[in-house]
Structures are given as C-alpha cells and as structure tokens.
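Step one of this worksheet: look at the structure below.
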Amino acid sequence: VWRKVNRSDMPKDQRCVKHKWVLQWKRNDTARARLVACDYSQVAGVDFQQVFSPVANDVTFRILLILMLVTPEFDGMLFDVVTAFLLGDLEEEIYMDCPEGMEHSSSECLLLTKTIYGLVQSAACYNKKFTEVLVDKMGFEQCKSDPCLFMKKYDIEGIVIVLTYVDDNLCIGTKTARDRCLREVQQHGLGITTDDTLSDYLSCEIVFNADKTKAWIGQPHMIKKIEAAFGDEVK
C-alpha cells in the first residue's frame, strides 16, 4: 500500500496528505480500527483527477429481490471484498506522513502505491478494479442502464447476477453458479467474506416469508436512531 521515502525526494510542489486513526463500533458489535487519509487536505488537480464512482440503484435492488421471489431456483447471498479500498491502483503520486506507531525517522514519509481509505478517489479506483475483474477477467456483462449490475451465464451452472454498492455485493442465481463466481473472484486476488442470510443490505433489513413468496424491506435501526436523537419530537 505504501513505501517509505525521504522527504527530500518529494517534488517541490508536493506536500503530505494528512491522516488520522478512526475507531468504530459496527452494528454487528465488531470493533474496527482504520487508518484513513484526510481528503480535505488533498489538492484538486495535484492529488486527484477523477473521483466519480457509481453505486447500485435502489430500484435495481428491488427488482433483483422480485426476481428471487418469482424464480424458485434463484437464491441470494452477500459478499464483501476485504480491505477493498487498499486494492485500487493509484494513478496520482501521493505522499503521507508516517502514522503514529510506525517506526520511522523524522526525515521519512510515505509514498502511497495503492489507494487507502479516506482518499477522495479511493471509491473510483476500487470500482475500476472490481469492474475489470468481473468484466475483463471473468467475462461478466455490465448493464448499460445500471453500471453496478453484472450478469453471466455459465454453460452448466446457470445464471449469476452481481449488484455492487462500493464493496458490498449482492449475488443471486443458482447455488452452483454463485459458488463458482465467488471462487473465481478469489482466484483473481480479491479476498471476500460471505453472508448467506441475506438479512441486511444497503442499511436495509430484509425478511422473506417461509415459502419465499413475499419479502419485506425496512430500516428499524434507523428509526431507533431517530427516536433516540429527537425523542418526543418524533411523530
């Protein structure tokens, strides 16, 4: 992700991007510590050029849930790409101060060789990387109306569809097709974690009835946050 260099080797018009440690408790009660860059310290035209990254359309998400309801052989699962923003290929030359806890001399700083969390272009670089893996290496077809929707038909295993929202991915299709898709993703250098329950996606809780003919989508955790913040003002 980075390598140490001497500050004297930095270009004269370049400066170090700021950074900080971010500590977070997630909704599943896991703790996370992450070193992030401070995007406000980046200079447009020097530290970044293109920053746009598409995200899945909520209508597409609902259509896929309906497709699961009307297609008995289709089932869904979620998979996350581990440390996704550390995988993007950085196109600019960006320097950063050495973080607290790293052994270094005062004359050293870091030259980033990959994107890290917090950089304004990280999502765009990761999206480009993930799209290249699915389309160029795995042979998926990218949807023209929603660039975050990908589909492939295997000769034997059947159809698999992937919907991506940054590093959170919904994968639906036949079980054999989904399993083959996930194996190939890992074979191309992306570590993943999987969740077969399909109970939480895009901050939405998803509940299917017993025979999978109906589905409910809601955000009860968001309602609790609003009630905690505004109390009696909530009507």
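The values are calculated or read from the model by the stated rules, or taken from the named source; none is laboratory data. Predicted model only: the values in this text are computed from it and were never measured. Reconstructed Cβ throughout: ideal geometry from the backbone, glycine too, with neighbour counts over all protein chains shown. When the accessible area is computed, the model is the full protein with side chains, heavy atoms only, and any ligands, DNA or RNA have been set aside. Shrake-Rupley method; radii C 1.70, N 1.55, O 1.52, S 1.80 Å.
Here are a few things to note about the model shown:
- Three-way shape label, region 168-235, alpha-carbon gyration tensor, a/c 1.5: oblate
- Every helix of 4 or more DSSP H residues in the chain counts as -39500 (n - 2.57), and over all residues that averages to -6000 deg cm²/dmol at 222 nm.
- In this structure the amide hydrogen of Leu198, modeled in the peptide plane, comes within under 5 Å of the amide hydrogens of Leu78, none closer than 5 places in sequence on its chain.
- The chain - percent of accessible surface contributed by carbon and sulfur, probe 1.4 Å: 52
- For the chain, the per residue solvent-accessible surface stands at 58 Å², with DNA, RNA and ligands left out and a 1.4 Å probe.
- Around the Cα centre of region 81-235, unit charges on the Cβ atoms of Lys, Arg, Asp and Glu (plus for the first two, minus for the last two) sum to a dipole of about 840 debye.
- Given Lys26/Lys152; Lys129/Lys214; Lys20/Lys128; Lys152/Lys225, the pairs whose alpha carbons are separated by over 29 Å: Lys26/Lys152; Lys129/Lys214; Lys152/Lys225
- For region 28-98, the Cβ-based charge dipole about the Cα centre amounts to some 300 debye (Lys, Arg positive; Asp, Glu negative; other atoms uncharged).
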